[in-house]
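> Before we start, here is the structure in question, set down as structure tokens.
The values are calculated or read from the model by the stated rules, or taken from the named source; none is laboratory data. The model shown is predicted, which means the values in this text are computed figures rather than measured ones. Heavy atoms of the whole protein, side chains included, go into the accessibility calculation; ligands, DNA and RNA do not. Shrake-Rupley method; radii C 1.70, N 1.55, O 1.52, S 1.80 Å.
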Amino acid sequence: MFFQIIDILGTIAFAISGVLVALNKRMDPFGVLIIAFVTAVGGGTLRDVMIGVEPVSWMRNMTYVYVIIGTTIFTIILRKKINYLRTSLFLFDTIGIGLYTVVGIETGLVAGLHPIICIALGTMTACFGGVIRDILCNEIPVIFRKEVYATACILGGLTYFLLRKFMADTNLIFVIAIIVVIVIRLIAVKFKISLPSLYKKEVE
């Protein structure tokens, strides 16, 4: 039950971030809904396809569809109240990757996969909805920039498996791993911590 709540909260967070990006691009209502949808379920769809889940999870449970549609309508109606686009987008995107990292890891565990593969699935679930969103909106995906994004998911995943060795309360492990992802992302942005660049600055 707790795991399902996390999954729904992640869907809501990513749907909101998708709506905010689409509104910033001044898309029509249909475009806004499509961007919200692919942001919310894109990573999970790719994950399910890779581990052979047929049909993918959101097609078997209409709750996801209703939640995304409801969240899209709600966000559009209240867009003026949450219209600090840059801050709001960052916040909901960060919450989303924290929640979906755990969802992806747990899905991998249920499928009987190795912890390393589970962390990869968690990172993919968390990041690739945003990748699809950014590509459709003609932006360079955050995961491909220097920002600490996928790295936060990986560290959250490592924390998850480390805690499993010392704690029995699965729900508490979920919460701590989610918080780790969110906090690492927040700290990285706050203090401008980024991955090293492969490219030297050109001398003018």
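> Among the lysines, which have Cα under 17 Å from the Cα of Lys80 when same-chain residues fewer than 8 positions away are ignored?
Lys25
> While we're on this one: Expressed as a whole percentage, what fraction of the accessible surface of the range 103-199 belongs to carbon and sulfur atoms when a 1.4 Å probe is rolled over the protein heavy atoms? Could the numbers behind the result be given before it?
Values: 3760 of 5310 Å².
Ligands and nucleic acids excluded, carbon and sulfur reach 71 percent.
> Which lysines, if any, have their Cα less than 29 Å from the Cα of Lys200, not counting same-chain residues under 8 positions apart?
Cross-link targets: Lys146, Lys190, Lys192.
> Go ahead and estimate [θ] at 222 nm for the chain from helices alone: -39,500 (n - 2.57) per DSSP H run with n ≥ 4, summed, over the residue count, rounded to 500. Walk me through the numbers before you get to the answer.
Numbers: 8 runs with 150 residues, N = 204.
Computed ellipticity for the chain at 222 nm equals -25000 deg cm²/dmol.
> I would also like to ask the following. How much length is gained on full extension from Glu54 to Thr87, taking 0.36 nm per residue of separation minus their Cα-Cα distance?
Going from the current span to full extension adds 8.2 nm.
> How much accessible area per residue does the chain have, counting only protein heavy atoms and a probe of 1.4 Å, in square angstrom?
On the way: 11520 Å² over 204 residues.
That works out to 56 Å² for each residue.
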